[in-house]
Amino acid sequence: FGNKKVDYLGIDSSRSLTEIARHSYPERRFAVADALELAIDEKDFDAVIMSAVLHHVPSAELRMRVLKNIYDKLKPGGMLLMANWNLWQTMFWKYHIKYTLMRLAGKQDLDSGDILREWSGSGHSRYFHAFTLRELSAAGRRLGFGEIGNFYSFRSGEPGNWLSSDNIFSIWKK
């Protein structure tokens, strides 16, 4: 936010990452919290920005809980600005094919659109859910959000499509 006057609260579930943020931005406030519980005293936010979070939450039920927690923290007319990675890009198709075949063979119980991918050569898998625009829109409507925008975009900010864009951006209003 640069030098803009913003009452900011940054939230992460990682204590160590929160400490790094506090050290890097001592003029800002940060809290350690789990989006599934969102046990923070603050409420009535004008806006919540959620970047690259929801696609890591494993199950439709838990993703709805996260979105409900955010909805409950927003004041009437408050905005949710959310970015999720577009995991339908062609570079991810091999994972979709692999996990679809494993599901069909009864060797994997992930939901449709769910994939696991190795984390930076560590040998550990990381969970992802590949959203569609329709799925995100339906989730927002179920909670009572009004949709201002839901679109594919490249990192540059240029509009894109489901095959090549880096992200899906959602702008919802309570």
Lys94 vs. criteria under 18 Å from Ser13 (Cβ atoms), outside any strand (DSSP E or B), among the charged types (D, E, K, R) and open to solvent by 50 Å² or more (accessible area, probe 1.4 Å): no
Meets criteria (of a type in the set (D, E, K, R) and either within 17 Å of Val57 (Cα to Cα) or loosely packed, with under 10 Cβ neighbours inside 10 Å (or both)) for Arg126: yes
Residue within the stretch 71-91 that is among the charged types (D, E, K, R), surrounded by fewer than 16 Cβ atoms within 10 Å (Cβ to Cβ), over 19 Å from Ile49 (Cα atoms) and out of contact with any helix residue (DSSP H, G or I) (no Cβ under 9 Å at 6 or more places or on another chain) present: no
Close pairs (9 angstrom Cβ cut-off, 6 or more residues apart or separate chains): in contact (Cβ under 8 Å) with a residue 60 or more places away in the chain in the stretch 84-103, among the charged types (D, E, K, R) and surrounded by fewer than 17 Cβ atoms within 10 Å (Cβ to Cβ) anywhere: Trp85/Asp166; Asn86/Asp166; Gln89/Asp166
Subset of the stretch 135-158 (residues that are polar (S, T, N, Q) and part of a helix (DSSP H, G or I)): Ser137
Residue tally, condition over 16 Å from Leu81 (Cα atoms) and either open to solvent by less than 40 Å² (accessible area, probe 1.4 Å) or among the polar types (S, T, N, Q) (or both), over the stretch 142-165: 5
First in the stretch 105-118 and among the β-branched types (Val, Ile, Thr), second anywhere and modelled with pLDDT of 90 or more and not in a loop (DSSP other than H, G, I, E, B), Cβ under 9 Å, 6 or more apart: Ile115/Phe92; Ile115/Tyr95; Ile115/His96; Ile115/Lys98; Ile115/Tyr99; Ile115/Tyr127; Ile115/Phe128; Ile115/His129
Single residue of the stretch 1-51 satisfying the filter (polar (S, T, N, Q) and part of a loop (DSSP other than H, G, I, E, B)) that is farthest from the chain's Cα centre (by Cα): Asn3
Residues located in the stretch 118-134, provided they are within 14 Å of Trp85 (Cβ to Cβ), of a type outside the set (Ser, Thr, Tyr) and not in a loop (DSSP other than H, G, I, E, B): Arg126, Phe128, His129, Leu133
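The values are calculated or read from the model by the stated rules, or taken from the named source; none is laboratory data. For clarity, every value in this text was computed on a predicted model and none was experimentally measured. A quick note on method: Cβ atoms are made from the backbone with ideal geometry, for glycine too, and the neighbour counts reach across all protein chains shown. For accessibility, only protein heavy atoms count, side chains too; no ligands or nucleic acids. Shrake-Rupley method; radii C 1.70, N 1.55, O 1.52, S 1.80 Å.
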